[in-house]
Amino acid sequence: MTQTPTIILVHGFWGGAAHWSKVIVELSRLGHSSIRAVELPLTSLADDAERTHKMIAQQSGPVLLVGHSYGGAVITEAGNQPNVMGLVYIAAFAPDAGESPGGITAKNPPVAAANLAPDSDGFLWVLQDKFHESFCQDLTADEALVMAVTQKAPLASTFGNEISKPAWKSKKSWYQISSDDRMIAPTNQKWMSGRLGAKKIITLAASHASLASKPAEVSALIDEAAKHQ
């Protein structure tokens, strides 16, 4: 019997590991007992990949990496270890070598690009009063308020950090497109997912926060990837 992988969840910009809360519960209900969620510093791709590398190295068996948003760039950079069996992208960046999240974004700027604002320390925020409409328009106002207030801003320079050796070139992949995404243009998601050679691509009528608004559907895709032989 093939060992069930540990699922490692990697969050994106403007949120922490708790963004996965609903998916964690759903995966547990589906019978997954080995689930981890990385807390990224969001200070550089190198820092975030190193943190994820360390989490992967702590697992004795196979690992399935799941990245949301910028977390997709992190799993692309960090996923080349031999015990990583696959990559799941949730409305996420999947850059090729030499590409950065910022460079991909520039190809087709998202609807909410104007709602991002840097502070005097170099951190990039989603304007609090624009967070609901920008990031998670299909969540309740209360849920959006909590996300807006607890958002974790990245250093803006992280957007320009480039991938060195993309793990999706040698690992199996799955991708979920959010058709109503205002943070990563759906056109970019379709383009990135199309070149992966993914085992499965699904499209959800969801905001950027599909992991919170469509946790059952997102978890079903992760579950399918985890059971893939």
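Every number here is computed from the coordinates shown, using simple stated rules; none is lab data. Values in this document were obtained by computation on a predicted structure and should not be read as measured data. Neighbour counts run over all protein chains shown; Cβ positions are idealised from the backbone, glycine included.
Neighbour counting of Cβ atoms within 10 Å sorts the residues Thr203, Thr52, Thr105, fewest neighbours leading, into Thr203, Thr105, Thr52.
Counting neighbouring Cβ atoms within 10 Å and putting the fewest first, the residues Val111, Val218 line up as Val111, Val218.
Treat the count of other C-beta atoms within 10 Å as a stand-in for reagent exposure and order His208, His53, His132 from fewest to most.
Working: His208 29, His53 17, His132 20.
The most exposed by this proxy come first: His53, His132, His208.
Look at where the Cα atoms of the stretch 48-80 and of the stretch 152-217 average out, and the two centres are 15 Å apart. A value for Kirkwood radius over Cα pairs in Å was derived from the coordinates, and within the list [x] 17.1; [y] 19.9; [z] 22.4 it appears as [x].
What chymotrypsin sites (Phe, Trp or Tyr not before Pro) does the stretch 33-125 have in DSSP loop regions with at most 13 other beta carbons within 10 Å? Don't jump to the answer; show the numbers that get you there.
Working: sites: Tyr70, Tyr89, Phe93, Phe123, Trp125; in loops: Tyr70, Phe93.
The qualifying sites: there are none.
Taking a straight line from the alpha carbon of Lys200, these lysines sit under 16 Å away, with near neighbours fewer than eight places off in the same chain left out: Lys169, Lys171, Lys172, Lys190, Lys227.
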